[in-house]
1. For the residue pair His66 and Val35, what label-to-label distance in nm results when each label sits 7 Å from Cα along the Cα-to-beta-carbon direction?
2. Compute the Rg to Rh ratio over the range 58-150 from the alpha carbon atoms, using the Kirkwood formula for Rh, and round to two decimal places.
3. For the range 71-217, which semi-axes, largest first and in whole Å, follow from the square roots of 5 times the eigenvalues of its Cα gyration tensor?
4. Which value, in Å² rounded to 10, gives the accessible area of Thr33 with a 1.4 Å probe and all protein chains present?
5. Which pairs break 26 Å Cα to Cα here: Lys159/Lys206; Lys144/Lys206; Lys95/Lys159; Lys193/Lys216?
6. Under 5 Å between amide H atoms, partner at least 5 residues away or on a different chain: which partners does Lys95 have, H built in plane at 1.01 Å?
7. Taking a spot 7 Å from the Cα of Thr138 along the direction of its beta carbon, which residues of the range 172-190 have an amide N less than 16 Å from it?
Amino acid sequence: MTDTPPPEKPQLPWFKASPLAHGIMLALFSLATAVLLAIANDSTSAPIATRAAEDLAASLEQVIPHDLHDNDLAASMRPITDAEEGAVSVYVAAKSGTVTGLAFEMSGPGYSGLIHVLLGIAPDGTLLGVRVLSHTETPGLGDKIEAAKSDWILGFAGKSLQDPSRENWKVKRDGGVFDQFSGATITPRAVVKTIYRGLNFFDRNKAALTAPLPAKS
């Protein structure tokens, strides 16, 4: 009986047989992925930036009335470094260079996360308006801080460090003058404290914040 030689193993293509080839293919795949991601990022970054600018303008408009300024609020920003609050971006409203209002964001811990609040303040320290920008409070309870759910947040317009007095900047349950919500005291308490911090931030930095805008060249 004649021995039959074992069948020859099929030769693998070079790109499957060589470890170096595997590395090259992996590198090419990574490069292609990076190129596609860069193209996608370039195509979406402009619309995202435009939407962000529109959202900022809409938010600022809610706390600083349009008739109070003749400048672009989003383009008139003053960075302030405060001893207690750190770096704060302040948007300046002005008419003919004279400051007529200021807007900035303050954040404070609520029941289930940070509550981000936008304040509009007149040069004399009176609140022009307040809006909650974002939060993660309990729906149906804590979300009454939103202007779309309740008019509670609208009640801060016209308030200042003098009205009410400093010791009364609390919810009624804590001996202050501001209403709390039934079943949800922590959330309104957090907002009141955050707004109060914002008024004190303004008071500490009033001179820098209300200085006239530089004349346009």
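1. Placing both labels 7 Å along Cα→Cβ, they lie 4.8 nm apart.
2. Details: Rg = 14.3 Å, Rh = 14.1 Å.
Rounded to two decimals, Rg/Rh equals 1.01.
3. Values: eigenvalues 161, 48, 36 Å².
For the range 71-217, the ellipsoid semi-axes come out as 28, 16, 13 Å.
4. 60 Å²
5. Values: Lys159/Lys206 17 Å; Lys144/Lys206 31 Å; Lys95/Lys159 23 Å; Lys193/Lys216 38 Å.
Violating the 26 Å limit, Cα to Cα: Lys144/Lys206; Lys193/Lys216.
6. The answer is Asp70, Thr100.
7. 180-190, by backbone N distance to the label point.
The values are calculated or read from the model by the stated rules, or taken from the named source; none is laboratory data. Predicted model, so just to flag it, every value in this text is computed and none were measured. As a convention, Cβ positions derive from the backbone with ideal geometry for all residues, glycine included, and neighbour counts pool all protein chains shown. These accessible areas exclude ligands, DNA and RNA; they are computed on the full protein's heavy atoms, side chains included. Shrake-Rupley method; radii C 1.70, N 1.55, O 1.52, S 1.80 Å.
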